[in-house]
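Take a look at the structure below.
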Amino acid sequence: MGFNGVSWSISTEFYAYALFGFVLITFKTHYKYVVFALLLLSALLLMRISSDLYATIDYGFLRCCYGFATGAMTFYCYDALSKTDIQQSDTSSSFWRATMLETCIVAITLCYIQYFSEGRASFAAPIIFGILIFTFAFEKGGLSKLLKYPFLVFIGSLSYSIYMIHPFISFKILKPLFTMLSAKGVPLLFHTTDGKVLFGTTKMAGTLIELGYLILVILCSYCLFITIERPCRDYFKRLARRNTNS
């Protein structure tokens, strides 16, 4: 946790994937019911022992199972409906209805994040995000079309690398660098408020640092993606195909 604060998630995901694989192998015909039960059980246990959703190194595995099972059920629902007339309809009116639906879901999600994502209400986050992903999975509305622009697709492909590297850049590179520069007489580049480190001492300075930080994160994430994430993913896909064919 001291090296990279988000490492808890990739650690718990390892065990969540192993558990999911065990469920698929053991309950070949009824695995969806088991996944749904896992969703309920992990959510209830987490609510019982934690005051909010944000468990990490303590009960992060339960949080991960809750989110993973919700994602799996979201896919099962999409897979079932994608074969119906809902997916086949492609008229102008259906486009505008889908656009309105996407807009409403985004507005609800943003409202939830802003006003209701703390305390006990935080346990609803996987469900809210599951509904958001389910809505956009059909790609029928204007917002879905917008997200298909090449640059946004590119940023989406880097999303996990961005998640894994951004706190490391913030607290292991920028903060020590700014501290050293401040000690050498350079005007302060960050300040702390309520125990949180905030880059920049004015809105303009903070905005410029934020833009530079964003560019740095994207560049580092791209390097991670092409040197680690994509080669490893492709290797395991080839390995899976060989095992399937044999």
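Observations on the structure shown:
- Close pairs from the stretch 119-144: first at positive phi and assigned by TED's automatic domain parsing to the domain that holds Gly67, partner of a type in the set (Asp, Glu) and part of a loop (DSSP other than H, G, I, E, B), Cβ under 8 Å, at least 6 apart: Gly119/Asp52
- Flag if Ile25 is part of a helix (DSSP H, G or I), of a type in the set (A, V, I, L, M) and surrounded by fewer than 13 Cβ atoms within 10 Å (Cβ to Cβ): yes
- The lone exception for Thr179 - which of (1) surrounded by 11 or more Cβ atoms within 10 Å (Cβ to Cβ); (2) touching a helix residue (DSSP H, G or I) at 6+ places or on another chain (Cβ under 9 Å) it fails: (2)
- Filter pass, Lys172 being among the charged types (D, E, K, R), touching a Phe, Trp or Tyr at 6+ places or on another chain (Cβ under 8 Å), within 21 Å of Phe3 (Cα to Cα) and modelled with pLDDT under 90: yes
- Whichever residue in the stretch 146-161 is in contact with a Phe, Trp or Tyr (Cβ under 9 Å, 6 or more places away or on another chain) and outside any loop (DSSP other than H, G, I, E, B) and, among such residues, is surrounded by the fewest Cβ atoms within 10 Å (Cβ to Cβ): Phe154
- Where helices (runs of 4 or more DSSP H) fall entirely within the stretch 31-99, those with at least 2 residues that are under 30 Å from Gly5 (Cβ atoms) are at 31-49, 60-81.
- Residue count for the stretch 178-211 satisfying the condition of being of a type in the set (D, E, K, R) and under 17 Å from His166 (Cβ atoms): 2.
- Positions within the stretch 106-118 being within 17 Å of the chain's Cα centre (by Cα) and in contact (Cβ under 8 Å) with a residue 12 or more places away in the chain, in sequence order: Val106, Thr109, Tyr112
- Answer from Ile113, Ile131 - the residue that is part of a helix (DSSP H, G or I), surrounded by 15 or more Cβ atoms within 10 Å (Cβ to Cβ) and at pLDDT 90 or above: Ile131
- Residue in the stretch 54-69 that is over 19 Å from the mean Cα position of the chain (by Cα), buried (at least 18 other Cβ atoms within 10 Å of the Cβ) and modelled with pLDDT under 95 present: no
The values are calculated or read from the model by the stated rules, or taken from the named source; none is laboratory data. None of these values were measured; they are calculated from a predicted model. With ideal geometry, Cβ positions are generated from the backbone for all residues, glycine too; neighbour counts draw on all protein chains shown.
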